[in-house]
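Below is one structure, written out as structure tokens; comments come after it.
The values are calculated or read from the model by the stated rules, or taken from the named source; none is laboratory data. Because the structure is a prediction, the values reported are computed rather than measured. For neighbour counting, all protein chains shown are included, and Cβ atoms are generated from backbone atoms with ideal geometry for every residue, glycine included. SASA here: full protein model, heavy atoms, side chains in, ligands and nucleic acids out. Shrake-Rupley method; radii C 1.70, N 1.55, O 1.52, S 1.80 Å.
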Amino acid sequence: MRWRSYVAVGDSFTEGLDDAYPDGTFRGWADLVATRLAAEAGPEFRYANLAIRGRLFPGVVAEQVPAALAMKPDLISFAAGGNDVLRRNFDPDALVSRFDKVVGELRSGGADVVLFRFADVMARLPGQRLIAPRVELLNRAVGETAERHGAILVDLYADDTYLNPLLWSTDRLHLSPVGHRRVAAQVLGALGVGCDEEWLLVPPRPTPSPWLAARTADLRWAGQHLAPWLKRRLTGRSSGDTCTAKRPTLSPLPD
């Protein structure tokens, strides 16, 4: 086992929304991966999760990347940019160029780096015509960057299983517990580490709802999730403004 320390960097995807522990905090795929790596490595394994929901790419780079590099871990996962593609002022050229530089920095310290091509989340969200091409561009850049720097690529976009709505929470944007388990399994597979095969199992896709029931569900979703998101955009706020990293330092996992 070559990894004795792991630092997770990113936004809500890596923080673990909406895979809740009993105390209301979030677990998510990164915690699951860390637990499995710790089982392989033994009590000396250390894990930090610096991810904070709502963070844009520049914030992740400015706040989390220097901290991750300072810890000198064996393994780093880096997933950022998903929030940026939803913004009106999204600058693809600037993000792609910076993404490449950041991954180069992470690799230069000797750590193995895990990158992600994001799953297709736009099928059930508004703005697909505008946002989908941005996601495709970002995913293409991630793949090219991984190849250029020798990073480990986890290609969620190529997995049609993520079109199953049961892999997503009620907000249609964050993974459900089932989705997080699948991501964890795919990360561990990319690392060559075995895991519980049940993590890859997903429920059958639900039968499509009748038109009226589907539209009623869309309206309910818009009121509960879209409207608050739009309000935060208009007021310049983020869901993570008052949040801090859940595991800010490398430390052992609890027994």
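The residue list Ala30, Ala34, Ala48 contains one member that is open to solvent by less than 10 Å² (accessible area, probe 1.4 Å) and touching a Pro at 6+ places or on another chain (Cβ under 7 Å), which is Ala48. Applying a threshold of 6 Å to beta carbon distances and a minimum spacing of six or more residues, or different chains, the list of pairs starting in the range 47-72 at a residue that is among the basic types (Lys, Arg) and ending at one that is open to solvent by 50 Å² or more (accessible area, probe 1.4 Å) reads Arg53/Ser239. With the structure loaded, tell me whether Arg205 is assigned to a helix (DSSP H, G or I) and either in the same structural domain as Ser12 (by the TED database) or not β-branched (Val, Ile, Thr) (or both) or whether it fails that test. Answer is no for this residue. Scan the range 155-167 and give yes if some residue there is of a type in the set (D, E, K, R) and under 14 Å from the mean Cα position of the chain (by Cα), otherwise no. Yes, the range 155-167 contains at least one residue that is of a type in the set (D, E, K, R) and under 14 Å from the mean Cα position of the chain (by Cα). Pick out the one residue from Ala62, Ala79 that is buried (at least 23 other Cβ atoms within 10 Å of the Cβ), aliphatic (A, V, I, L, M) and in the same structural domain as Ala151 (by the TED database). The match here is Ala79.
You will find that of Trp211, Trp229, Trp221, the residue that is among the aromatic types (Phe, Trp, Tyr) and either under 30 Å from Ala41 (Cα atoms) or open to solvent by less than 50 Å² (accessible area, probe 1.4 Å) (or both) is Trp221 and no other.
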